[in-house]
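The values are calculated or read from the model by the stated rules, or taken from the named source; none is laboratory data. Bear in mind the structure is a predicted one, so any value in this text is a computation, not a measurement. Using ideal geometry, Cβ is built from the backbone for each residue, glycine included, and neighbour counts are taken over all protein chains shown.
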Amino acid sequence: MGNEQTRGLLIVLSGPSGTGKGTVVRALLDKRADTVLSVSATTRAPREGEIDGVHYHFIDQKTFLRLIEENAFLEYAEYNGNFYGTPKAAAEAQLRAGRNVVLEIEVQGAGQVMNSGADILSIFLAVPSMEELERRLRGRGTEDEATIRSRLALAKEEMKQAFRYQYVVMNDVVEDAVMRIETIIKTENMRYPRMEKTIMEVIESC
Ligand code: ADP
Ligand code: 5GP
(Lines give C-alpha, C1' and ligand atoms only; values in the text may rest on other atoms or scores of the structure.)
(Ligands and ions follow the chains in the order given, each with its own letter.)
Protein backbone atom coordinates (compact mmCIF):
# COMPACT_ATOMS: atom_id res chain seq x y z
CA MET A 1 0.00 0.00 0.00
CA GLY A 2 1.96 3.08 1.30
CA ASN A 3 3.04 5.20 -1.65
CA GLU A 4 1.35 2.98 -4.23
CA GLN A 5 -0.32 5.08 -6.93
CA THR A 6 -4.04 4.55 -7.51
CA ARG A 7 -4.40 3.40 -11.11
CA GLY A 8 -6.08 5.76 -13.52
CA LEU A 9 -9.34 4.85 -15.23
CA LEU A 10 -9.26 3.29 -18.69
CA ILE A 11 -12.11 5.13 -20.40
CA VAL A 12 -13.49 3.71 -23.63
CA LEU A 13 -15.36 6.44 -25.48
CA SER A 14 -17.07 5.23 -28.60
CA GLY A 15 -19.86 6.12 -30.99
CA PRO A 16 -20.40 6.64 -34.70
CA SER A 17 -17.98 8.67 -36.76
CA GLY A 18 -19.09 12.32 -36.69
CA THR A 19 -20.93 12.04 -33.39
CA GLY A 20 -18.42 14.41 -31.80
CA LYS A 21 -15.95 12.15 -29.97
CA GLY A 22 -12.89 14.19 -30.93
CA THR A 23 -14.58 17.48 -30.10
CA VAL A 24 -15.85 16.29 -26.71
CA VAL A 25 -12.56 14.65 -25.76
CA ARG A 26 -10.56 17.79 -26.58
CA ALA A 27 -12.87 19.85 -24.36
CA LEU A 28 -12.63 17.24 -21.59
CA LEU A 29 -8.82 17.19 -21.69
CA ASP A 30 -8.73 20.99 -21.50
CA LYS A 31 -10.59 20.74 -18.20
CA ARG A 32 -8.82 17.75 -16.63
CA ALA A 33 -5.06 17.62 -16.17
CA ASP A 34 -5.35 14.06 -14.81
CA THR A 35 -6.73 12.72 -18.10
CA VAL A 36 -4.89 11.97 -21.34
CA LEU A 37 -5.83 10.70 -24.77
CA SER A 38 -4.33 7.51 -26.14
CA VAL A 39 -2.71 8.23 -29.52
CA SER A 40 -3.77 5.45 -31.89
CA ALA A 41 -1.88 3.95 -34.79
CA THR A 42 -3.59 3.97 -38.18
CA THR A 43 -2.94 3.06 -41.79
CA ARG A 44 -5.27 5.88 -42.95
CA ALA A 45 -3.63 8.82 -44.74
CA PRO A 46 -3.24 11.96 -42.61
CA ARG A 47 -5.87 14.68 -43.12
CA GLU A 48 -4.73 18.22 -43.66
CA GLY A 49 -3.32 19.56 -40.40
CA GLU A 50 -2.95 16.17 -38.72
CA ILE A 51 0.46 15.64 -37.14
CA ASP A 52 2.21 12.27 -36.85
CA GLY A 53 2.54 11.29 -33.18
CA VAL A 54 -0.05 13.86 -32.06
CA HIS A 55 -3.30 12.95 -33.81
CA TYR A 56 -2.23 9.45 -34.81
CA HIS A 57 0.88 7.39 -35.39
CA PHE A 58 0.58 7.10 -39.17
CA ILE A 59 2.06 3.76 -40.22
CA ASP A 60 1.87 1.50 -43.28
CA GLN A 61 -0.09 -1.75 -43.38
CA LYS A 62 3.02 -3.96 -43.18
CA THR A 63 4.08 -2.27 -39.94
CA PHE A 64 0.54 -2.47 -38.57
CA LEU A 65 0.36 -6.23 -39.25
CA ARG A 66 3.76 -6.74 -37.59
CA LEU A 67 2.55 -4.88 -34.48
CA ILE A 68 -0.54 -7.14 -34.37
CA GLU A 69 1.81 -10.16 -34.45
CA GLU A 70 3.86 -8.65 -31.63
CA ASN A 71 0.69 -8.25 -29.54
CA ALA A 72 1.43 -4.54 -29.27
CA PHE A 73 -2.23 -3.44 -29.43
CA LEU A 74 -4.77 -3.33 -26.63
CA GLU A 75 -7.35 -3.57 -29.41
CA TYR A 76 -7.46 -2.95 -33.13
CA ALA A 77 -10.06 -2.89 -35.88
CA GLU A 78 -10.41 -2.49 -39.59
CA TYR A 79 -12.78 0.39 -40.20
CA ASN A 80 -13.87 1.54 -43.64
CA GLY A 81 -10.80 0.07 -45.34
CA ASN A 82 -8.15 1.19 -42.85
CA PHE A 83 -6.63 -0.30 -39.70
CA TYR A 84 -6.77 1.52 -36.36
CA GLY A 85 -5.24 0.30 -33.08
CA THR A 86 -4.44 1.35 -29.51
CA PRO A 87 -0.76 0.92 -28.55
CA LYS A 88 -0.76 -1.10 -25.33
CA ALA A 89 2.48 0.05 -23.65
CA ALA A 90 1.77 3.80 -23.72
CA ALA A 91 -1.72 3.39 -22.23
CA GLU A 92 -0.43 1.07 -19.51
CA ALA A 93 2.33 3.52 -18.50
CA GLN A 94 -0.16 6.38 -18.14
CA LEU A 95 -2.60 4.26 -16.12
CA ARG A 96 0.19 3.18 -13.79
CA ALA A 97 1.15 6.83 -13.30
CA GLY A 98 -2.42 7.42 -12.08
CA ARG A 99 -3.74 9.21 -15.15
CA ASN A 100 -7.08 8.46 -16.76
CA VAL A 101 -6.59 7.29 -20.35
CA VAL A 102 -9.31 7.92 -22.94
CA LEU A 103 -9.57 5.55 -25.88
CA GLU A 104 -11.52 7.34 -28.59
CA ILE A 105 -12.32 4.34 -30.73
CA GLU A 106 -14.99 2.84 -32.98
CA VAL A 107 -17.38 0.18 -31.70
CA GLN A 108 -15.63 -3.04 -32.87
CA GLY A 109 -12.47 -2.12 -31.00
CA ALA A 110 -14.51 -0.99 -28.00
CA GLY A 111 -16.16 -4.44 -28.01
CA GLN A 112 -12.73 -6.10 -27.87
CA VAL A 113 -11.70 -4.06 -24.83
CA MET A 114 -15.04 -4.76 -23.14
CA ASN A 115 -14.68 -8.51 -23.79
CA SER A 116 -11.07 -8.60 -22.59
CA GLY A 117 -12.13 -8.52 -18.95
CA ALA A 118 -10.05 -5.37 -18.37
CA ASP A 119 -11.29 -2.96 -15.72
CA ILE A 120 -12.74 -0.19 -17.88
CA LEU A 121 -15.26 2.60 -17.92
CA SER A 122 -17.26 2.40 -21.14
CA ILE A 123 -19.16 5.38 -22.52
CA PHE A 124 -21.20 5.52 -25.72
CA LEU A 125 -21.43 9.00 -27.17
CA ALA A 126 -24.79 9.33 -28.91
CA VAL A 127 -26.03 11.81 -31.45
CA PRO A 128 -29.59 13.24 -31.17
CA SER A 129 -30.65 12.08 -34.69
CA MET A 130 -29.27 10.60 -37.91
CA GLU A 131 -30.02 13.90 -39.68
CA GLU A 132 -27.83 15.70 -37.16
CA LEU A 133 -25.09 13.09 -37.63
CA GLU A 134 -25.17 13.67 -41.39
CA ARG A 135 -25.00 17.44 -40.81
CA ARG A 136 -21.97 17.02 -38.55
CA LEU A 137 -20.16 14.68 -40.94
CA ARG A 138 -20.79 17.01 -43.88
CA GLY A 139 -19.99 20.11 -41.81
CA ARG A 140 -16.60 18.68 -40.85
CA GLY A 141 -15.74 18.63 -44.53
CA THR A 142 -13.00 16.01 -44.19
CA GLU A 143 -14.51 13.11 -46.16
CA ASP A 144 -15.59 12.71 -49.77
CA GLU A 145 -19.21 11.86 -50.63
CA ALA A 146 -18.62 8.08 -50.87
CA THR A 147 -16.90 7.99 -47.45
CA ILE A 148 -19.70 10.06 -45.87
CA ARG A 149 -22.28 7.62 -47.25
CA SER A 150 -20.48 4.53 -46.01
CA ARG A 151 -19.87 6.12 -42.57
CA LEU A 152 -23.60 6.97 -42.32
CA ALA A 153 -24.55 3.41 -43.25
CA LEU A 154 -22.22 2.07 -40.55
CA ALA A 155 -23.55 4.58 -38.00
CA LYS A 156 -26.99 2.98 -37.78
CA GLU A 157 -25.47 -0.40 -36.94
CA GLU A 158 -23.10 1.26 -34.48
CA MET A 159 -25.98 3.01 -32.65
CA LYS A 160 -27.52 -0.45 -32.10
CA GLN A 161 -24.45 -1.37 -30.02
CA ALA A 162 -25.14 1.33 -27.40
CA PHE A 163 -26.66 -1.24 -25.01
CA ARG A 164 -23.23 -2.83 -24.50
CA TYR A 165 -21.83 0.25 -22.73
CA GLN A 166 -22.05 1.17 -19.04
CA TYR A 167 -23.09 4.74 -19.84
CA VAL A 168 -24.70 6.59 -22.74
CA VAL A 169 -23.91 10.29 -23.03
CA MET A 170 -25.97 12.39 -25.43
CA ASN A 171 -23.81 14.86 -27.34
CA ASP A 172 -26.43 17.51 -27.98
CA VAL A 173 -24.39 20.45 -26.68
CA VAL A 174 -20.62 19.91 -26.35
CA GLU A 175 -20.29 21.56 -22.91
CA ASP A 176 -23.20 19.49 -21.55
CA ALA A 177 -21.72 16.25 -22.88
CA VAL A 178 -18.37 17.09 -21.26
CA MET A 179 -20.10 17.86 -17.96
CA ARG A 180 -21.91 14.50 -18.09
CA ILE A 181 -18.63 12.65 -18.67
CA GLU A 182 -16.98 14.52 -15.80
CA THR A 183 -19.87 13.51 -13.55
CA ILE A 184 -19.32 9.87 -14.53
CA ILE A 185 -15.57 10.09 -13.84
CA LYS A 186 -16.18 11.68 -10.43
CA THR A 187 -18.73 8.99 -9.56
CA GLU A 188 -16.42 6.16 -10.67
CA ASN A 189 -13.69 7.58 -8.47
CA MET A 190 -15.96 7.17 -5.45
CA ARG A 191 -16.23 3.39 -5.90
CA TYR A 192 -14.65 1.56 -2.96
CA PRO A 193 -11.52 0.22 -4.73
CA ARG A 194 -10.58 3.78 -5.69
CA MET A 195 -11.25 5.08 -2.17
CA GLU A 196 -9.51 2.21 -0.39
CA LYS A 197 -6.14 3.95 -0.08
CA THR A 198 -7.78 7.03 1.49
CA ILE A 199 -9.81 4.92 3.90
CA MET A 200 -6.70 2.96 4.95
CA GLU A 201 -4.75 6.15 5.55
CA VAL A 202 -7.50 7.41 7.85
CA ILE A 203 -7.58 4.09 9.73
CA GLU A 204 -3.79 3.97 10.08
CA SER A 205 -3.64 7.53 11.37
CA CYS A 206 -5.82 6.66 14.39
P1 ADP B 1 -15.90 12.16 -34.30
O2 ADP B 1 -14.58 12.36 -33.60
O3 ADP B 1 -16.89 11.40 -33.46
O4 ADP B 1 -15.78 11.60 -35.68
P5 ADP B 1 -15.89 15.12 -34.47
O6 ADP B 1 -15.47 15.51 -33.10
O7 ADP B 1 -14.90 15.24 -35.57
O8 ADP B 1 -16.55 13.64 -34.47
O9 ADP B 1 -17.19 16.00 -34.81
C10 ADP B 1 -17.80 15.96 -36.10
C11 ADP B 1 -18.31 17.38 -36.45
O12 ADP B 1 -19.42 17.68 -35.59
C13 ADP B 1 -17.28 18.45 -36.23
O14 ADP B 1 -17.39 19.40 -37.29
C15 ADP B 1 -17.67 19.07 -34.89
O16 ADP B 1 -17.32 20.43 -34.82
C17 ADP B 1 -19.18 18.89 -34.88
N18 ADP B 1 -19.75 18.71 -33.52
C19 ADP B 1 -19.28 17.94 -32.52
N20 ADP B 1 -20.10 17.99 -31.44
C21 ADP B 1 -21.12 18.81 -31.77
C22 ADP B 1 -22.30 19.29 -31.10
N23 ADP B 1 -22.60 18.91 -29.84
N24 ADP B 1 -23.12 20.12 -31.76
C25 ADP B 1 -22.86 20.51 -33.03
N26 ADP B 1 -21.76 20.12 -33.73
C27 ADP B 1 -20.90 19.27 -33.12
P1 5GP C 1 -11.05 8.79 -38.36
O2 5GP C 1 -10.61 8.19 -39.66
O3 5GP C 1 -12.30 9.63 -38.50
O4 5GP C 1 -9.94 9.49 -37.62
O5 5GP C 1 -11.47 7.57 -37.41
C6 5GP C 1 -12.43 6.63 -37.85
C7 5GP C 1 -12.94 5.85 -36.65
O8 5GP C 1 -11.88 5.08 -36.06
C9 5GP C 1 -13.47 6.78 -35.54
O10 5GP C 1 -14.70 6.25 -35.05
C11 5GP C 1 -12.38 6.71 -34.49
O12 5GP C 1 -12.87 6.91 -33.18
C13 5GP C 1 -11.90 5.28 -34.66
N14 5GP C 1 -10.57 5.04 -34.10
C15 5GP C 1 -9.53 5.90 -33.94
N16 5GP C 1 -8.50 5.29 -33.36
C17 5GP C 1 -8.87 4.01 -33.12
C18 5GP C 1 -8.23 2.87 -32.50
O19 5GP C 1 -7.11 2.90 -32.02
N20 5GP C 1 -8.94 1.72 -32.45
C21 5GP C 1 -10.21 1.62 -32.95
N22 5GP C 1 -10.81 0.45 -32.83
N23 5GP C 1 -10.84 2.67 -33.52
C24 5GP C 1 -10.19 3.84 -33.61
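For the range 152-188, filtering for residues that are in a loop (DSSP other than H, G, I, E, B) and under 17 Å from residue 29 (Cα atoms) leaves 2. Considering every residue within the range 22-40, establish whether at least one is within 11 Å of ligand 2 (Cβ to nearest atom) and among the charged types (D, E, K, R). Taking every residue of the range 22-40 in turn, none turns out to be within 11 Å of ligand 2 (Cβ to nearest atom) and among the charged types (D, E, K, R). Of all residues assigned to the range 20-30, none qualifies as being away from ligand 1 (no atom under 16 Å from the Cβ) and out of contact with any Gly (no Cβ under 8 Å at 6 or more places or on another chain). All of 101, 113 fail the test of being within 18 Å of residue 42 (Cβ to Cβ), within 11 Å of the chain's Cα centre (by Cα), touching a residue at least 60 places away in the same chain (Cβ under 8 Å) and part of a strand (DSSP E or B), apart from 101. Residues in the range 138-151 that are farther than 18 Å from residue 77 by Cα and assigned to a helix (DSSP H, G or I): 138, 139, 140, 145, 146, 148, 149. Only one of the numbered conditions (1) over 15 Å from residue 7 (Cβ atoms); (2) modelled with pLDDT under 95; (3) of a type outside the set (Asp, Glu) is violated by residue 98, and that is (1).
In this structure, is residue 143 under 25 Å from residue 55 (Cβ atoms) and modelled with pLDDT under 95? So residue 143 passes the test. Scanning the range 117-137 for residues that are within 9 Å of ligand 1 (Cβ to nearest atom) and in a helix (DSSP H, G or I) turns up 132, 133, 135, 136, 137.
Residue 196 meets all of the listed conditions (1) in contact (Cβ under 8 Å) with a residue 40 or more places away in the chain; (2) part of a helix (DSSP H, G or I); (3) over 18 Å from the mean Cα position of the chain (by Cα) but one, namely (1).
Listed residues 156, 160; which is under 17 Å from residue 124 (Cβ atoms) and more than 19 Å from the chain's Cα centre (by Cα)?
The match here is 156.
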